[in-house]
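K.L.:
Quick one: this structure, given as structure tokens, is what I'll be asking you about.
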Amino acid sequence: EKEELYANYKQSLPFQTSESLRHLLFGKTETHSVFTTYEVTLYDHNKLIGCGFFDEGEISAEGITSFYDPEYRKHSLGKYLIYLKIQYCQELKLCYFYPGYFVPGYSYFDYKLTIAKSALQYLQLSSQQWIPIAAFSDDHIPYQVGYKKLQQVQQLLAQVYPWVRIVKYEYFDANLIPELKQTELLDFPAFLFHDTGTEENVNLIIVFDVRDNQYHLLSCIPYWIPKETNPDRSFYSDFFLKAVYEVYATPKEEEIAYVFLQLLNRKK
């Protein structure tokens, strides 16, 4: 019954999600979870119209998923399911509830930003602190910060190597796939590299990590060939990548550019 409801809900989404409810909760190989998971359901008489799952911890709980019958969309059942989860947490006197992520610039998840806004916080990666959502701005978006930092390095390198470019990495979230979670694949959304048009062109890449505010020069290897690639050349989708070791790290763009140039010249 819940799989049918999930499949119906999935068809109404503008983005891709797990192939089934079981896969979302357990992955393809697992049959159980180490977490204490609770379920909340909504019925219109005998018809199941909404369902949600959340994990209970010691002082907090985490929302896993909420889905509902698209015919009831106008009733905001997704938000109502979150309220029911929060109500349960309050009854247990838990301190925090995590409703999930939002995506700046992508309005589909913005409904989470209207829930208890005076108490809502976001995790600032650079400080690893939870900050009131009212303090959030575009300057805090990790992708925007990292991309601008890479552009500074690209400008320094372009005079010598015009084929140095920045790409958005198609598979930066591959570690979220249950079957790949142990592989520790590259998880940066953008990187800079010298595009020579060969498989070895990603042997050396530069990323910027907002968590330590540093550039990292990484040695990568192609890990897996995807079935399909993105025709948009602003994306890198030729391979799933794995960083095998870190060559160098520094907060200074001039320094990382110099080391990168030295290694490229040595390869030539």
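The values are calculated or read from the model by the stated rules, or taken from the named source; none is laboratory data. Fair warning: this is a prediction, and the values are worked out from it, not measured in the lab. Methodologically, a virtual Cβ is constructed for each residue, glycine included, from the backbone with ideal geometry; neighbour enumeration extends over all protein chains shown. What goes into the accessible areas is simple: the full protein's heavy atoms, side chains included, and nothing from ligands, DNA or RNA. Shrake-Rupley method; radii C 1.70, N 1.55, O 1.52, S 1.80 Å.
K.L.:
Please report the relative contact order for the chain, taking Cα pairs under 8 Å with a sequence separation of at least 6, and give it as a percent rounded to a whole number.
P.N.:
Once normalised by length, the contact order is 11 percent.
K.L.:
So how much slack lies between PHE235 and ASN46, counting 0.36 nm per residue of separation and subtracting their Cα-Cα distance, in nm?
P.N.:
63.3 nm
K.L.:
Name the residue, out of PHE240, PHE136, PHE191, whose mean-square fluctuation peaks in a Gaussian network model built on the chain with Cα pairs under 10 Å.
P.N.:
Maximum fluctuation in the GNM of the chain, among the listed residues, is at PHE136.
K.L.:
Here's a follow-up. Which of the lysines could be linked to LYS93 by a straight reach, that is with a Cα gap under 22 Å, when you skip same-chain ones fewer than 8 residues away?
P.N.:
Partners found: LYS79, LYS85, LYS112, LYS117.
K.L.:
Another question about this same structure. Subtract the Cα-Cα distance of ASP139 and GLN182 from 0.36 nm times their separation in residues, and report this length gain in nm to one decimal.
P.N.:
Stretched fully, the ASP139-GLN182 segment lengthens by 12.3 nm.
K.L.:
While we're on this one: Calculated FRET efficiency, VAL244 and GLU3, Cβ-Cβ r, R0 45 Å, to nearest 0.05?
P.N.:
The value I calculate is 0.65.
K.L.:
Could you state the angle between the C-alpha long axis of helix 253-267 and the longest principal axis of the C-alpha atoms of the chain, as a value from 0 to 90 degrees rounded to the nearest 10?
P.N.:
The angle comes out at about 60 degrees.
K.L.:
Leaving out ligands, DNA and RNA, what percent of the accessible area of the chain is carbon and sulfur, probe 1.4 Å?
P.N.:
51 percent
K.L.:
Within a Cβ distance under 12 Å of ILE82, other residues only, what is the Lys/Arg minus Asp/Glu net charge?
P.N.:
+2
K.L.:
Note the angle between two axes, namely the Cα long axis of helix 2-11 and the longest principal axis of the Cα atoms of the chain, as a number of degrees from 0 to 90, rounded to the nearest 10.
P.N.:
Result, in degrees: 50.
K.L.:
So, R0 is 35 Å and r is the distance between the beta-carbons of GLN155 and ILE221; what FRET efficiency does that work out to, to 0.05?
P.N.:
0.80
K.L.:
Just to be sure I understand the model, the point goes 7 Å from the Cα along the line to the Cβ. What's the resulting ASP209 to ASP55 distance in nm?
P.N.:
My value for the distance between the label points is 2.3 nm.
K.L.:
A follow-up question, please. Applying 1/(1 + (r/R0)^6) with R0 = 51 Å to the Cβ-Cβ distance of GLU255 and GLN16, what FRET efficiency is obtained, to the nearest 0.05?
P.N.:
The calculated FRET efficiency here is 0.80.
K.L.:
Would you mind checking the radius of gyration and Dmax of the chain based on alpha-carbon positions, in Å?
P.N.:
Answer for the chain, Rg first and Dmax second: 21.9, 72 Å.
K.L.:
Compare GLU58, GLU254, GLU179 by solvent-accessible area with a 1.4 Å probe and give them largest first, with all protein chains kept in place.
P.N.:
Most to least solvent-accessible, the answer reads GLU58, GLU254, GLU179.
K.L.:
Mind ranking VAL40, VAL207 by accessible surface for me, highest first, 1.4 Å probe? Numbers along the way, then the final one.
P.N.:
Details: VAL40 25, VAL207 0 Å².
Descending order: VAL40, VAL207.
K.L.:
Say each of THR114 and GLU39 gets a label point 7 Å from the Cα, pointing the same way as Cα to Cβ; how far apart are those two points in nm?
P.N.:
2.9 nm
K.L.:
Now for a different question. Tell me, what is the per residue accessible area of the chain in Å², probe radius 1.4 Å?
P.N.:
Counting only protein heavy atoms, the per-residue value for the chain is 61 Å².
K.L.:
Can you sort TYR98, TYR80, TYR6 by solvent-accessible area, 1.4 Å probe, largest first? Intermediate values should be presented prior to the final figure.
P.N.:
Working: TYR98 85, TYR80 105, TYR6 5 Å².
So the residues, ranked largest to smallest area, are TYR80, TYR98, TYR6.
K.L.:
If you line up the long axis of helix 77-91 against the longest principal axis of the chain, both from Cα atoms, how many degrees apart are they, to the nearest 10?
P.N.:
For helix 77-91, the angle is close to 80 degrees.
K.L.:
As a check on your grasp of the helix formula, calculate [θ] at 222 nm for the chain: sum -39500 (n - 2.57) over DSSP H runs of n ≥ 4, divide by the residue count, round to the nearest 500.
P.N.:
For the chain, the value works out to -7000 deg cm²/dmol.
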